[in-house]
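Asks: I have a structure I would like to understand better, so I am pasting it below and will then ask my questions one at a time.
The values are calculated or read from the model by the stated rules, or taken from the named source; none is laboratory data. Bear in mind that the values here come from a model prediction, so they are computed numbers and not experimental data. Here the Cβ is made from the backbone with ideal geometry for all residues, glycine too, and neighbour counts use every protein chain on show. Ligands, DNA and RNA are stripped out before the accessible areas are found, and what is left, the full protein with its side chains, is counted by its heavy atoms. Shrake-Rupley method; radii C 1.70, N 1.55, O 1.52, S 1.80 Å.
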Amino acid sequence: MLTLALVACISSMHAQNIIYSYAIGNWRNGPTVMISPLFETTEQFTTLQLIARVRKDWPQAFTDTTDIDVQRFATKEEGELSRVTLKGKYGVRKLPVDMLGSDPSVKPSPAKLEHNE
């Protein structure tokens, strides 16, 4: 039993896998759907933590948004394809979409995210 607990503790200390994510704001009914740039994160962060990060890193776009959700991907290519596809789907619904570009002055990293929920 002690061995099992020790193995579980050690495995939880290993670094989490890097993944890619983006946020969608006002996704239900607009008025303008906000899609954040793809950013690097890890598997350890919850949706609420990632939403807090997005609100902090892109406050001009996500401070007053509603219906925020976060999508996660194993590769950058999957994430970028999803962003483009999602923009097209909202276009069919005739909702304007703001595809935020990456701000070169903002270099978010997994370590910047606070663990408060």
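Asks: Give me the one-decimal nm value for the distance between modelled label points at ARG72 and THR85, 7 Å along each residue's Cα-to-Cβ direction.
Replies: 1.8 nm
Asks: Students sometimes get this wrong: rank VAL92, VAL97, VAL84 by accessible area, probe 1.4 Å, all chains present, largest first.
Replies: I get VAL92, VAL84, VAL97, largest accessible area first.
Asks: Right, next: Rounded to whole Hz and in sequence order, give me ³J(HN,Hα) for region 71-82 from the Karplus expression 6.51 cos²θ - 1.76 cosθ + 1.60, θ = phi - 60°, writing x for Gly and Pro.
Replies: Using θ = phi - 60°, the values come out as 10, 10, 9, 6, 10, 4, 4, 4, x, 5, 4, 5 Hz.
Asks: In nm, to one decimal, how far is the modelled label at ASP64 from the one at GLU40, with both set 7 Å along Cα→Cβ?
Replies: Going by the 7 Å Cα→Cβ label model, 3.4 nm.
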